[in-house]
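First the structure, in the form of C-alpha coordinates, and then the observations on it.
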Amino acid sequence: MHISCTQDRPRAANAHVADELHAGLAAPDAWISPKFLYDALGSKLFEAICELPEYYPTRTEAAIFARHGAEIARVAGSGTTLIDLGAGNCAKAASLFPLLQPAQYVAVDISAEFLCDALVRLRQRFPHIAMEGLGMDFSSRFELPPQVKAERRLFFYPGSSIGNFTPDEAQGFLRRLRAQCGDDGAVLIGVDLAKDKPTLDAAYDDALGVTAAFNLNALRHVNHLVGADFDIRAWRHHGFYNEAMGRVEMHLEAVRRQDVHWEGGARSFEAGDRIHTENSYKYQQGSAIALLERSGFEATRVWTDPQRWFAVIHAQAIH
(Lines give C-alpha, C1' and ligand atoms only; values in the text may rest on other atoms or scores of the structure.)
Protein backbone atom coordinates (compact mmCIF):
# COMPACT_ATOMS: atom_id res chain seq x y z
CA MET A 1 0.00 0.00 0.00
CA HIS A 2 1.26 3.46 -0.84
CA ILE A 3 0.33 6.46 1.20
CA SER A 4 1.85 9.92 1.19
CA CYS A 5 0.95 13.31 2.55
CA THR A 6 2.18 16.48 0.91
CA GLN A 7 1.67 20.18 1.55
CA ASP A 8 1.19 22.67 -1.25
CA ARG A 9 4.06 25.17 -1.79
CA PRO A 10 4.57 26.31 1.82
CA ARG A 11 6.61 29.49 1.17
CA ALA A 12 4.39 30.85 -1.58
CA ALA A 13 1.33 29.83 0.39
CA ASN A 14 2.53 31.70 3.50
CA ALA A 15 2.95 34.95 1.54
CA HIS A 16 -0.48 34.52 -0.02
CA VAL A 17 -2.05 33.85 3.39
CA ALA A 18 -0.50 37.00 4.87
CA ASP A 19 -1.71 39.11 1.93
CA GLU A 20 -5.22 37.66 2.09
CA LEU A 21 -5.56 38.15 5.84
CA HIS A 22 -4.25 41.71 5.63
CA ALA A 23 -6.73 42.52 2.84
CA GLY A 24 -9.63 41.15 4.83
CA LEU A 25 -8.76 42.70 8.19
CA ALA A 26 -8.06 46.10 6.62
CA ALA A 27 -11.23 46.13 4.47
CA PRO A 28 -13.98 48.65 5.33
CA ASP A 29 -16.14 45.70 6.41
CA ALA A 30 -13.57 43.37 7.95
CA TRP A 31 -13.62 39.71 6.96
CA ILE A 32 -11.67 36.49 7.40
CA SER A 33 -12.06 33.67 4.89
CA PRO A 34 -13.84 30.60 6.36
CA LYS A 35 -10.89 28.42 5.39
CA PHE A 36 -9.02 29.96 8.37
CA LEU A 37 -11.54 28.33 10.69
CA TYR A 38 -9.81 25.01 9.97
CA ASP A 39 -6.50 24.59 11.70
CA ALA A 40 -5.93 21.40 13.72
CA LEU A 41 -8.02 22.67 16.67
CA GLY A 42 -10.69 24.15 14.41
CA SER A 43 -11.03 20.81 12.63
CA LYS A 44 -11.53 19.05 15.97
CA LEU A 45 -14.12 21.63 17.02
CA PHE A 46 -15.98 21.12 13.76
CA GLU A 47 -16.04 17.39 14.48
CA ALA A 48 -17.75 18.26 17.76
CA ILE A 49 -20.24 20.53 15.98
CA CYS A 50 -21.25 17.62 13.80
CA GLU A 51 -22.33 15.73 16.94
CA LEU A 52 -24.62 18.51 18.18
CA PRO A 53 -28.39 17.98 18.12
CA GLU A 54 -28.90 21.42 16.51
CA TYR A 55 -26.51 20.74 13.64
CA TYR A 56 -28.72 18.74 11.30
CA PRO A 57 -26.58 18.64 8.08
CA THR A 58 -24.19 15.89 9.14
CA ARG A 59 -26.76 13.42 10.44
CA THR A 60 -29.22 14.21 7.63
CA GLU A 61 -26.61 13.61 4.97
CA ALA A 62 -25.40 10.47 6.77
CA ALA A 63 -28.97 9.13 6.75
CA ILE A 64 -29.15 9.71 2.97
CA PHE A 65 -25.93 7.75 2.46
CA ALA A 66 -27.15 4.99 4.79
CA ARG A 67 -30.47 4.67 3.00
CA HIS A 68 -29.31 5.12 -0.58
CA GLY A 69 -25.63 4.10 -0.39
CA ALA A 70 -25.97 1.03 -2.60
CA GLU A 71 -27.76 3.03 -5.29
CA ILE A 72 -25.26 5.88 -5.03
CA ALA A 73 -22.46 3.35 -5.53
CA ARG A 74 -24.19 1.87 -8.58
CA VAL A 75 -24.55 5.31 -10.16
CA ALA A 76 -21.00 6.46 -9.29
CA GLY A 77 -19.41 3.09 -10.11
CA SER A 78 -16.56 1.24 -8.42
CA GLY A 79 -12.85 1.63 -9.10
CA THR A 80 -12.89 5.44 -9.31
CA THR A 81 -10.18 7.84 -8.26
CA LEU A 82 -12.05 9.22 -5.24
CA ILE A 83 -10.95 12.80 -4.50
CA ASP A 84 -12.28 13.94 -1.13
CA LEU A 85 -12.36 17.75 -0.94
CA GLY A 86 -12.21 19.19 2.58
CA ALA A 87 -11.67 15.65 3.83
CA GLY A 88 -11.12 16.53 7.50
CA ASN A 89 -11.07 13.25 9.42
CA CYS A 90 -11.94 11.32 6.22
CA ALA A 91 -14.87 9.63 8.00
CA LYS A 92 -17.54 10.39 5.39
CA ALA A 93 -15.55 8.97 2.50
CA ALA A 94 -14.37 6.00 4.57
CA SER A 95 -17.95 5.04 5.35
CA LEU A 96 -18.49 4.64 1.59
CA PHE A 97 -15.33 2.64 0.84
CA PRO A 98 -17.05 -0.77 1.10
CA LEU A 99 -19.63 0.37 -1.47
CA LEU A 100 -17.56 2.56 -3.79
CA GLN A 101 -14.38 0.43 -3.66
CA PRO A 102 -12.17 3.21 -5.05
CA ALA A 103 -8.97 2.37 -6.91
CA GLN A 104 -7.30 5.36 -5.28
CA TYR A 105 -8.35 7.67 -2.44
CA VAL A 106 -7.06 11.25 -2.47
CA ALA A 107 -7.82 13.29 0.64
CA VAL A 108 -7.52 17.07 0.26
CA ASP A 109 -7.72 19.53 3.15
CA ILE A 110 -6.25 22.88 4.16
CA SER A 111 -5.36 21.46 7.61
CA ALA A 112 -2.47 19.23 6.51
CA GLU A 113 -1.43 18.00 9.97
CA PHE A 114 -4.96 16.95 10.92
CA LEU A 115 -5.40 15.27 7.53
CA CYS A 116 -2.18 13.26 7.76
CA ASP A 117 -3.11 11.95 11.21
CA ALA A 118 -6.48 10.84 9.85
CA LEU A 119 -4.87 9.06 6.89
CA VAL A 120 -2.51 7.12 9.14
CA ARG A 121 -5.52 5.71 10.99
CA LEU A 122 -7.41 5.08 7.77
CA ARG A 123 -4.51 3.16 6.26
CA GLN A 124 -4.78 0.56 9.02
CA ARG A 125 -8.44 -0.09 8.20
CA PHE A 126 -8.12 -0.17 4.40
CA PRO A 127 -4.60 -1.34 3.53
CA HIS A 128 -5.65 -2.41 0.01
CA ILE A 129 -6.55 1.14 -1.14
CA ALA A 130 -3.81 3.43 -2.44
CA MET A 131 -4.00 6.75 -0.60
CA GLU A 132 -2.67 10.24 -1.09
CA GLY A 133 -3.03 13.21 1.24
CA LEU A 134 -2.81 16.74 -0.15
CA GLY A 135 -2.57 19.69 2.24
CA MET A 136 -3.78 22.54 0.06
CA ASP A 137 -6.16 25.45 -0.21
CA PHE A 138 -8.41 24.50 -3.11
CA SER A 139 -10.79 27.45 -2.74
CA SER A 140 -9.14 29.80 -5.23
CA ARG A 141 -7.09 27.54 -7.50
CA PHE A 142 -6.99 23.81 -8.00
CA GLU A 143 -4.51 21.59 -9.80
CA LEU A 144 -3.87 17.98 -8.89
CA PRO A 145 -0.31 16.58 -8.85
CA PRO A 146 0.74 13.73 -11.18
CA GLN A 147 0.47 11.05 -8.47
CA VAL A 148 -3.32 11.41 -8.64
CA LYS A 149 -4.68 9.03 -11.25
CA ALA A 150 -6.34 10.79 -14.18
CA GLU A 151 -8.86 8.07 -14.93
CA ARG A 152 -12.45 8.19 -13.67
CA ARG A 153 -11.99 10.96 -11.15
CA LEU A 154 -14.92 11.30 -8.75
CA PHE A 155 -14.81 14.53 -6.77
CA PHE A 156 -16.48 14.02 -3.40
CA TYR A 157 -17.62 17.27 -1.78
CA PRO A 158 -20.06 16.36 1.00
CA GLY A 159 -21.56 18.51 3.72
CA SER A 160 -22.71 22.04 3.00
CA SER A 161 -19.30 23.47 2.03
CA ILE A 162 -20.39 24.52 -1.47
CA GLY A 163 -22.57 27.06 0.37
CA ASN A 164 -19.45 28.80 1.73
CA PHE A 165 -18.95 30.25 -1.76
CA THR A 166 -21.19 32.92 -3.24
CA PRO A 167 -23.15 31.47 -6.18
CA ASP A 168 -20.70 33.05 -8.65
CA GLU A 169 -17.72 31.73 -6.69
CA ALA A 170 -19.35 28.29 -6.51
CA GLN A 171 -19.66 28.26 -10.29
CA GLY A 172 -15.99 29.17 -10.68
CA PHE A 173 -15.00 26.45 -8.20
CA LEU A 174 -17.07 23.79 -9.97
CA ARG A 175 -15.64 24.83 -13.33
CA ARG A 176 -12.15 24.27 -11.92
CA LEU A 177 -13.22 20.77 -10.89
CA ARG A 178 -14.61 20.18 -14.39
CA ALA A 179 -11.25 21.16 -15.86
CA GLN A 180 -9.53 18.57 -13.65
CA CYS A 181 -11.86 15.61 -14.10
CA GLY A 182 -11.70 14.79 -17.82
CA ASP A 183 -14.61 13.53 -19.88
CA ASP A 184 -15.11 10.43 -17.70
CA GLY A 185 -15.16 12.32 -14.39
CA ALA A 186 -18.00 13.26 -12.07
CA VAL A 187 -18.87 14.94 -8.78
CA LEU A 188 -20.78 13.63 -5.78
CA ILE A 189 -21.78 16.71 -3.82
CA GLY A 190 -23.81 17.58 -0.75
CA VAL A 191 -26.11 20.61 -0.87
CA ASP A 192 -27.94 22.09 2.11
CA LEU A 193 -31.46 23.05 1.05
CA ALA A 194 -33.42 26.13 2.13
CA LYS A 195 -35.53 25.76 5.27
CA ASP A 196 -37.03 27.74 8.17
CA LYS A 197 -35.04 30.41 10.00
CA PRO A 198 -35.32 28.96 13.55
CA THR A 199 -33.77 25.67 12.45
CA LEU A 200 -30.92 27.45 10.68
CA ASP A 201 -30.30 29.93 13.52
CA ALA A 202 -29.99 27.09 16.05
CA ALA A 203 -27.70 25.07 13.80
CA TYR A 204 -25.14 27.89 13.66
CA ASP A 205 -25.46 29.17 17.23
CA ASP A 206 -25.82 26.10 19.43
CA ALA A 207 -26.72 26.11 23.11
CA LEU A 208 -23.39 24.59 24.24
CA GLY A 209 -21.38 27.25 22.46
CA VAL A 210 -19.29 24.84 20.39
CA THR A 211 -19.90 26.85 17.21
CA ALA A 212 -18.89 29.98 19.12
CA ALA A 213 -15.60 28.33 20.13
CA PHE A 214 -15.07 27.20 16.53
CA ASN A 215 -15.59 30.73 15.23
CA LEU A 216 -13.47 32.38 17.92
CA ASN A 217 -10.65 29.93 17.22
CA ALA A 218 -10.21 31.67 13.86
CA LEU A 219 -8.71 34.61 15.78
CA ARG A 220 -6.25 32.32 17.56
CA HIS A 221 -5.31 30.87 14.16
CA VAL A 222 -4.81 34.37 12.71
CA ASN A 223 -2.61 35.28 15.68
CA HIS A 224 -0.44 32.29 14.82
CA LEU A 225 -0.35 32.88 11.05
CA VAL A 226 0.51 36.59 10.94
CA GLY A 227 1.63 37.45 14.47
CA ALA A 228 -1.62 39.25 15.33
CA ASP A 229 -2.56 40.14 18.92
CA PHE A 230 -6.31 39.49 18.97
CA ASP A 231 -7.61 39.05 22.53
CA ILE A 232 -10.16 36.30 22.00
CA ARG A 233 -11.94 37.26 25.24
CA ALA A 234 -12.81 40.60 23.65
CA TRP A 235 -14.97 38.99 20.93
CA ARG A 236 -18.20 37.06 20.72
CA HIS A 237 -19.85 34.85 18.13
CA HIS A 238 -22.90 35.73 16.03
CA GLY A 239 -24.48 33.14 13.74
CA PHE A 240 -27.86 33.73 12.06
CA TYR A 241 -29.86 33.18 8.87
CA ASN A 242 -30.06 36.23 6.61
CA GLU A 243 -33.35 35.58 4.83
CA ALA A 244 -32.88 38.38 2.30
CA MET A 245 -29.56 36.92 1.12
CA GLY A 246 -30.59 33.27 1.43
CA ARG A 247 -27.57 32.44 3.56
CA VAL A 248 -26.43 31.82 7.11
CA GLU A 249 -23.79 34.31 8.22
CA MET A 250 -21.18 33.97 10.94
CA HIS A 251 -19.54 37.03 12.45
CA LEU A 252 -17.25 37.88 15.34
CA GLU A 253 -18.33 41.00 17.24
CA ALA A 254 -16.06 43.15 19.38
CA VAL A 255 -17.36 43.48 22.94
CA ARG A 256 -15.15 46.50 23.69
CA ARG A 257 -12.95 49.00 21.89
CA GLN A 258 -9.52 47.61 21.03
CA ASP A 259 -6.47 48.06 18.83
CA VAL A 260 -5.25 44.98 16.97
CA HIS A 261 -1.87 44.65 15.27
CA TRP A 262 -0.49 42.11 12.84
CA GLU A 263 2.55 41.85 10.60
CA GLY A 264 2.15 44.66 8.10
CA GLY A 265 -0.97 46.25 9.55
CA ALA A 266 -3.14 47.39 12.43
CA ARG A 267 -6.74 48.38 13.05
CA SER A 268 -8.92 49.87 15.75
CA PHE A 269 -12.20 48.10 16.44
CA GLU A 270 -15.05 49.79 18.30
CA ALA A 271 -17.47 47.84 20.49
CA GLY A 272 -20.05 46.31 18.15
CA ASP A 273 -17.75 46.18 15.12
CA ARG A 274 -17.85 42.83 13.34
CA ILE A 275 -15.56 40.55 11.35
CA HIS A 276 -17.44 38.43 8.82
CA THR A 277 -16.05 34.88 8.93
CA GLU A 278 -18.43 32.65 6.97
CA ASN A 279 -21.45 32.45 4.69
CA SER A 280 -23.45 29.30 4.12
CA TYR A 281 -25.84 29.69 1.19
CA LYS A 282 -28.92 27.46 1.19
CA TYR A 283 -30.17 26.26 -2.19
CA GLN A 284 -33.41 25.17 -3.76
CA GLN A 285 -32.89 21.77 -5.41
CA GLY A 286 -33.52 23.21 -8.86
CA SER A 287 -31.04 26.05 -8.41
CA ALA A 288 -28.36 23.58 -7.27
CA ILE A 289 -28.88 21.47 -10.40
CA ALA A 290 -28.76 24.61 -12.58
CA LEU A 291 -25.48 25.64 -10.91
CA LEU A 292 -23.93 22.28 -11.78
CA GLU A 293 -25.15 22.52 -15.38
CA ARG A 294 -23.66 26.01 -15.79
CA SER A 295 -20.38 24.59 -14.51
CA GLY A 296 -20.09 21.74 -17.02
CA PHE A 297 -21.85 18.91 -15.20
CA GLU A 298 -25.13 17.13 -15.81
CA ALA A 299 -27.01 15.94 -12.73
CA THR A 300 -27.71 12.21 -13.11
CA ARG A 301 -29.36 11.52 -9.77
CA VAL A 302 -30.52 13.43 -6.68
CA TRP A 303 -31.17 11.84 -3.29
CA THR A 304 -32.86 13.71 -0.42
CA ASP A 305 -34.15 13.01 3.07
CA PRO A 306 -37.92 12.77 3.73
CA GLN A 307 -38.05 16.40 4.94
CA ARG A 308 -36.08 17.59 1.91
CA TRP A 309 -33.62 19.39 4.14
CA PHE A 310 -30.54 18.15 2.31
CA ALA A 311 -29.60 16.76 -1.11
CA VAL A 312 -26.81 14.55 -2.39
CA ILE A 313 -26.29 14.98 -6.13
CA HIS A 314 -24.25 12.91 -8.56
CA ALA A 315 -23.36 14.85 -11.70
CA GLN A 316 -21.38 13.64 -14.71
CA ALA A 317 -18.98 15.82 -16.67
CA ILE A 318 -20.58 17.08 -19.88
CA HIS A 319 -18.41 16.22 -22.91
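Does segment 267-286 contain any residue that is free of Cβ contacts under 8 Å to residues at least 60 places away in the same chain and over 23 Å from R233 (Cβ atoms)? Within segment 267-286, one or more residues are free of Cβ contacts under 8 Å to residues at least 60 places away in the same chain and over 23 Å from R233 (Cβ atoms). Only helices (runs of 4 or more DSSP H) whose full extent lies in segment 146-254 are considered here, and the ones with at least 3 residues that are surrounded by 22 or more Cβ atoms within 10 Å (Cβ to Cβ) and in contact (Cβ under 8 Å) with a residue 24 or more places away in the chain are 167-181, 210-226. Looking at segment 259-304 only, could you name the residues that are of a type in the set (V, I, T) and open to solvent by 20 Å² or more (accessible area, probe 1.4 Å)? Scanning segment 259-304 gives I289, T300, V302, T304. For segment 208-256, a residue qualifies if it is among the polar types (S, T, N, Q) and under 18 Å from the mean Cα position of the chain (by Cα), and the qualifying residues are T211, N215, N217.
For D109, the test of being open to solvent by less than 30 Å² (accessible area, probe 1.4 Å) and among the acidic types (D, E) is passed. Of all residues in segment 77-101, those satisfying the criterion of being closer than 17 Å to A150 by Cβ and open to solvent by 10 Å² or more (accessible area, probe 1.4 Å) are G77, G79.
Just wondering, is there one or more residues in segment 175-183 that are within 18 Å of A315 (Cβ to Cβ), over 15 Å from the mean Cα position of the chain (by Cα) and among the polar types (S, T, N, Q)? Yes, some residue in segment 175-183 is within 18 Å of A315 (Cβ to Cβ), over 15 Å from the mean Cα position of the chain (by Cα) and among the polar types (S, T, N, Q). When segment 20-67 is filtered for residues that are of a type in the set (D, E), under 16 Å from the mean Cα position of the chain (by Cα) and more than 22 Å from A202 (Cβ to Cβ), only D39 remains. Pairs meeting the criteria (first residue in segment 25-49 and within 14 Å of D109 (Cβ to Cβ) and outside any helix (DSSP H, G or I), second residue open to solvent by 40 Å² or more (accessible area, probe 1.4 Å) and charged (D, E, K, R), beta carbons under 9 Å, at least 6 apart or on different chains) are D39/E113; D39/R220. The single residue among P57, P102 that is touching a Gly at 6+ places or on another chain (Cβ under 8 Å), farther than 30 Å from E278 by Cα and modelled with pLDDT of 95 or more turns out to be P102.
R308 meets all of the listed conditions (1) within 12 Å of L193 (Cα to Cα); (2) part of a strand (DSSP E or B) but one, namely (2).
Residues in segment 98-112 that are part of a helix (DSSP H, G or I) and either of a type in the set (A, V, I, L, M) or within 20 Å of the chain's Cα centre (by Cα) (or both): L99, L100, A112. In the set (1) open to solvent by 10 Å² or more (accessible area, probe 1.4 Å); (2) under 23 Å from F214 (Cα atoms); (3) aromatic (F, W, Y), the condition left unmet by Y56 is number (1). Filtering R9, R74 for residues that are open to solvent by 50 Å² or more (accessible area, probe 1.4 Å), modelled with pLDDT of 95 or more and either under 23 Å from R274 (Cα atoms) or over 18 Å from the mean Cα position of the chain (by Cα) (or both) leaves a single hit, R74.
The values are calculated or read from the model by the stated rules, or taken from the named source; none is laboratory data. Keep in mind that this is a model prediction, so the values were computed, not measured. Here Cβ is always computed from backbone atoms with ideal geometry, including for glycine, and neighbour counts include all displayed protein chains. Note: areas computed on protein heavy atoms with side chains; ligands, DNA, RNA excluded. Shrake-Rupley method; radii C 1.70, N 1.55, O 1.52, S 1.80 Å.
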